[in-house]
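Trainee: The structure follows.
Just so you know, all these numbers are worked out from the coordinates, no wet-lab data involved. Keep in mind that this is a model prediction, so the values were computed, not measured. Heads up, the Cβs are rebuilt from the backbone with ideal geometry, glycines too, and the neighbour counts pull from every protein chain shown.
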Amino acid sequence: MNTDSKIYVAGHRGLVGSAIVRSLEAKGYKNIIVRTHKELDLTDQAAVFDFFEKEKPEYVVLAAAHVGGINANQTYPADFIYINSAIQCNVIKAAHDIKVTKLLFLGSSCIYPKMAPQPISEGDLLTGPLESTNEAYAIAKISGLMMCRFFKKQYGDDFISCMPTNLYGPNDNFDLETSHVLPALIRKFDDAKMSGAPYVELWGTGSPLREFLYVDDMADACVYLLENYSGEEHVNIGTGKEIAIKDLAQIVKEIVGFEGEIRWNTDMPDGTPRKLLNVEKLHNIGWKEKVSLREGIKLEYDWYKAQDEENLKK
Ligand code: GFB
């Protein structure tokens, strides 16, 4: 990949895609192409094929996906499986047809079995039943990574996949019904601080363990893989460190400066008990994260406070 290579980043307005564009630009890549959802509906096969035919990107980063937190995944499983499967099928096949040089597909750590041994290695894929709250999303993402693997096997396409852990950062979704836990905590504590509310209600028991990676670190890892990796197996992207949701809540509470109480609504699901990635393979390829959890949360909180309501809805 050289700085003039034509690189299409699908999903450039989202948390992940926007970070990948920032990272590519920071590394000097000058020929990045993007399309908004309005300009190109990635679930529309004819439109996607037409776009690839006309633009002929050399590299593709498939960061466009229908995503959400535990509640959204559980409430809208049909949307999660259909939209993600359609996007992947269309983009991967179009990339194959026009013979792109390389494609990077992004999945998620929820592809692994609910009771996978911890930390979870790439080889633990498809060794047991999935976590029910995000099964639809996981099935779609497993199918995407397998498509990349099989296109490589049958046709020799340089299609690679990576599976990031829970991500957070600028352009996150702060809608309390559909967001992931970190933006939800930031918004809940900040709203309570601003309104002087005596307590904040969080979901589940607080005991599940999760791993978090700042999205700019993840983007850096993705560009590193595009430049340095062409293996058949997907690569986990994470920190290899985990934290209980209740400890995470304490950190966010401190950073925001909320002094009230935390209450746990156990009618809401906990989801998978633990989801820690084994990142040995990524370390062996030569990449490691830079931003600590505290630094990252501070950066996300500052970003959140700098947005107006309209921007947060985009
Ligand atoms: O981030 P999250 O929504 O998704 O929730 P998953 C993580 C944990 O935080 C769960 C708890 O145990 C939640 O019960 N939690 C506590 C909260 N308070 C809140 C809150 O106010 N909002 C939210 N959202 N959670 C997702 C999958 O699973 O992880 C996706 O559904 C994807 O498919 C993503 O893989 C990375 O970590 O449980």
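Trainee: What is the distance in Å between the Cα centroid of the stretch 117-172 and that of the stretch 225-247?
Mentor: 11 Å
Trainee: Given Lys193/Lys298; Lys27/Lys246; Lys38/Lys298; Lys246/Lys275, which pairs have Cα atoms separated by over 27 Å? Walk me through the intermediate numbers first.
Mentor: Working: Lys193/Lys298 16 Å; Lys27/Lys246 37 Å; Lys38/Lys298 32 Å; Lys246/Lys275 15 Å.
From the list (Lys193/Lys298; Lys27/Lys246; Lys38/Lys298; Lys246/Lys275), the Cα-Cα distance tops 27 Å for Lys27/Lys246; Lys38/Lys298.
Trainee: Okay, moving on. As a test of the formula, what do you get for the chain when each DSSP H run with n ≥ 4 contributes -39,500 (n - 2.57) and the sum is divided by the residue count, at 222 nm and rounded to the nearest 500 deg cm²/dmol? Mind dumping the intermediate values first?
Mentor: Values: 11 runs with 137 residues, N = 314.
Theoretical 222 nm ellipticity from helices: -13500 deg cm²/dmol.
Trainee: Just need the relative contact order of the stretch 89-133 here, percent rounded to a whole number, with Cα pairs under 8 Å and 6+ apart. All intermediate terms of the calculation are to be shown ahead of the outcome.
Mentor: Details: 29 pairs, mean separation 13.7, N = 45.
In percent, rounded to a whole number, it is 30.
Trainee: Just tell me, in residue order, which DSSP H segments of the chain are both 18 angstrom or longer along the helix axis (alpha-carbon based) and at least 0.0 in mean Kyte-Doolittle hydropathy.
Mentor: Working: long enough: 77-97 (30 Å, 0.30); 135-155 (29 Å, 0.15); 181-195 (21 Å, 0.19); 215-228 (19 Å, 0.37); 293-306 (20 Å, -0.91).
Flagged H segments are 77-97, 135-155, 181-195, 215-228.
Trainee: Among Phe51, His37, Gly204, whose Cα projects farthest towards the positive end of the dipole of the chain, with charges put on the beta-carbon of Lys, Arg (+1) and Asp, Glu (-1)?
Mentor: Phe51
Trainee: Obtain the nm distance between the two label points defined at Lys298 and Thr101 by a simple spin-label model: each point lies 7 Å from its Cα along the Cα-to-C-beta direction.
Mentor: 3.9 nm
Trainee: Nearest 20 debye, what's the magnitude of the dipole of the stretch 7-313 about its Cα centre given +1 on Lys and Arg Cβ and -1 on Asp and Glu Cβ? Please list the in-between numbers first.
Mentor: On the way: 33 positive and 44 negative charges, 109 e Å.
That gives a dipole near 520 debye.
Trainee: Same structure again: On a full-extension model of 0.36 nm per residue, what is the gain between Ile243 and Asp158, subtracting their alpha-carbon distance, rounded to one decimal in nm?
Mentor: Details: separation 85, 0.36 × 85 = 30.60 nm, distance 3.54 nm.
The span from Ile243 to Asp158 would gain 27.1 nm if fully extended.
Trainee: When a footprinting reagent is the concern and you count Cβ atoms within 10 Å, what order do Glu289, Glu53 take, fewest first? Could you put the intermediate results ahead of the total?
Mentor: Working: Glu289 21, Glu53 11.
Listed from fewest to most nearby Cβ atoms, that is Glu53, Glu289.
Trainee: Considering every pair of different Cα atoms, what Kirkwood radius, in Å, is found for the chain?
Mentor: Values: mean 1/r = 0.0502 Å⁻¹.
Hydrodynamic radius (Kirkwood, Cα only) of the chain equals 19.9 Å.
Trainee: I would also like to ask the following. Using 0.36 nm per residue of separation minus the Cα-Cα distance, give me the extension gain between Glu310 and Leu176 in nm, one decimal. Let's see the in-between values first.
Mentor: Details: separation 134, 0.36 × 134 = 48.24 nm, distance 1.54 nm.
That works out to 46.7 nm of additional length.
Trainee: So, one more: Relative contact order, percent, of the chain when contacts are C-alpha pairs under 8 Å separated by at least 6 residues? Mind dumping the intermediate values first?
Mentor: Details: 587 pairs, mean separation 61.3, N = 314.
With pairs under 8 Å counted, the relative contact order is 20 percent.
Trainee: Answer with one residue from Ala136, Tyr76, Phe258: the one whose Cα lies farthest towards the positive end of the charge dipole of the chain, charges on Cβ with Lys, Arg +1 and Asp, Glu -1.
Mentor: Going by the charge dipole, the pick is Ala136.
Trainee: Oh, and also: Report the extension gain between Thr266 and Thr205 in nm, rounded to one decimal, defined as 0.36 nm multiplied by the number of residues separating them, less their alpha carbon distance. Provide the component values of the computation, followed by the final result.
Mentor: Working: separation 61, 0.36 × 61 = 21.96 nm, distance 0.57 nm.
Extra length available between Thr266 and Thr205 comes to 21.4 nm.
Trainee: Another question, if that's okay. Got a sec? Which residues in the stretch 80-105 would a label at Phe49 touch, if it sits 7 Å along Cα→Cβ and we count backbone N under 17 Å?
Mentor: Only 86-100 fall inside the zone, counting backbone N under 17 Å.
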